[in-house]
Amino acid sequence: MALHRLTGRNRRRGSGPAPGTAASGAAATAGGAFGWSLANTLVSRLGTLVIGVILARVLGPEEFGTFAIAMVALMAVLSFNELGVSLAIVRWPGEPGKIFSTVNTISVVGSVLFCAVAWLVAPAFTALMGDPQATLVVRLLILSVILNGVVAGPAALLQRVFREKERLFIDQANTWIGAGISVILALLGFGAMALAIGRLAGSLVAMVLFLRASPLGYRLGWSRQYVAPLLRFGLPLAGASIIVFATSYADQLTTGATLGTTALGFYLLAFNLSSWPLSIVSQPLRRVAPAAFSAIQSAPKEQKRVILALFTLVSCATAPAFGAIAGAAEPLIRMVYGSAWIPSAAVLSWLVVAAFSKVLCELAYDFIVVSGNTAVVLKLQGIGLLVSIPLMITGASVMGINGVAIAQVAVSFLVLLPMYLWFLRSRDIRLRDVLARIGLPFLAGVMVGGAAALLARFVANPLLAVLGAAGISVAVIVVLVYLRRVDLAAIRTITRTETEMETR
């Protein structure tokens, strides 16, 4: 019902808000948006965990590897399909309605063209990955690119005004409808195709809901005066996103191409588990942070205060969780997925270490993008990619999937994170300021990891070992966040009014 009430909102000049919604001009806060987004992610991740366990036990490592190949192809195209212009809506200092239709056109046309190219090259890609039978799965899943291109503009509008409550309903529909279809088809013997069909069905439902919830009526258009500024902003960001994708998925590409589909299945399971704390905090944060930085982009001192507060809160919320997962990886894998997946345990321990660095890099990435320095992001990610590829290939040849994970840790901590933090110095955010904020959480994470490793070694029951590690982690997170509650208050003061969405 909430989504239905939003259907006609602000579609006409001067129209008021629909019944049951916030009044026009009421301020939406970054803190409130982050809360809704966090709730959204928690519910989604808990649901997909249960679904993922069922699918992992039904399909096995090889089928998981096949789906991983298709997902790599999908994420590759999604990294640049809308040419980076949708984020311009979030950052646009004036009325976003002026650029909305042009952004939609660029996004849709780009998505259709890139989807067609991906469809044609799918056989060559799956052959390179050593699994030609995955071609049909890739081609079906890649259709999601077009759906993503259609809703890129509306999703950015919701992000701009912190409307994460509506986003929660959309994402939950996407998750549960897609996952439910995938489980049913997997039990019927569809294999990796079950995952592709479920993902596409969920995306289709989400597209319909995004269009209904859009603060502005969906339309295509072409304003020449805005095309050049949009492309100047978006193309460097799209280029950086391609490199971000390559940096994020080079490990899976390397694993599949050098070690095979089954090894990729083991690696993917470990990667997904390592992303749990990362996505629970980072995903809602990345929906809110760009709009928050944009809302205060004319106040450098306020921006500095907010980003340091975010560094602190993100570290407090993730470091202990990463430590617990790293220390209790073996009993966690055994308890949840079964002994057939034990090779994923050592990989998981390494990947969660790299994930802590990644969440800090992503926060710096969003800050740099909103500041308008998108070309810098392209440079930083390019350097990281050039360093990571030879390290991962060497690691795979020497230590298998564990070597790939170790290479990820080295690149994340020794290359990418230092470069991002060094660049922030130009915005008067000094390295020692950041280190002072993340030092205590990092130390707490190491201590939690040590305690979890002791439990894994001396507690025979996997369930008790995992529950003990989780309990220690949660307790430490609560204490850390309480100690830094002043930083949480800092982001609650950031507002953006919904009158910005009204058309003239």
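The values are calculated or read from the model by the stated rules, or taken from the named source; none is laboratory data. Since this is a predicted model, take the numbers as computed values, not measurements. Because the Cβ atoms are built from the backbone with ideal geometry, glycine has one as well, and the counts that use them run over all protein chains shown.
Observations on the model:
- Evaluation of Ile383 against the conditions (1) crowded, with 21+ Cβ neighbours inside 10 Å; (2) farther than 21 Å from Gly260 by Cβ; (3) β-branched (Val, Ile, Thr) shows that the sole unmet condition is (1).
- Segment 228-255 - residue that is at pLDDT 80 or above and β-branched (Val, Ile, Thr) and, of those, surrounded by the fewest Cβ atoms within 10 Å (Cβ to Cβ): Thr254
- Count - residues of segment 181-203 that are surrounded by fewer than 15 Cβ atoms within 10 Å (Cβ to Cβ) and in a helix (DSSP H, G or I): 2
- In segment 409-430, the residues that are touching a residue at least 12 places away in the same chain (Cβ under 8 Å) and closer than 16 Å to Ala250 by Cβ reach residues that are of a type in the set (Phe, Trp, Tyr) and part of a helix (DSSP H, G or I) with C-beta atoms within less than 8 angstrom, at least six apart or across chains, in these pairs: Val409/Trp350.
- With a requirement of 3 or more residues that are over 25 Å from the mean Cα position of the chain (by Cα) and at pLDDT below 95, the helices (runs of 4 or more DSSP H) lying completely within segment 425-504 that satisfy it span 431-458, 462-483.
- Candidates Ile170, Ile99, Ile146 - the one that is surrounded by fewer than 22 Cβ atoms within 10 Å (Cβ to Cβ), at pLDDT 80 or above, over 30 Å from Thr262 (Cβ atoms) and in the same structural domain as Pro215 (by TED's automatic domain parsing): Ile146
Rundown of residues vs (1) modelled with pLDDT of 85 or more; (2) within 22 Å of the chain's Cα centre (by Cα); (3) surrounded by 22 or more Cβ atoms within 10 Å (Cβ to Cβ), yes/no style:
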position: Pro300; (1), (2), (3): no, no, no
position: Lys304; (1), (2), (3): no, no, no
position: Leu310; (1), (2), (3): no, yes, yes
position: Ala321; (1), (2), (3): yes, yes, yes
position: Ala328; (1), (2), (3): yes, no, yes
position: Leu332; (1), (2), (3): yes, no, yes
position: Ile342; (1), (2), (3): yes, no, no
position: Leu351; (1), (2), (3): yes, yes, yes
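- Some residue of segment 129-141 being of a type outside the set (Asp, Glu) and within 19 Å of Ala206 (Cβ to Cβ): yes
- Test: residue in segment 234-249 that is under 22 Å from Glu62 (Cβ atoms) and either in a helix (DSSP H, G or I) or of a type outside the set (Gly, Ala, Ser) (or both): yes
- Checking each residue in segment 414-441 for being of a type outside the set (A, V, I, L, M) and exposed (fewer than 15 other Cβ atoms within 10 Å of the Cβ) picks out Pro418, Trp422, Arg425, Ser426, Asp428, Arg430, Arg432, Gly439.
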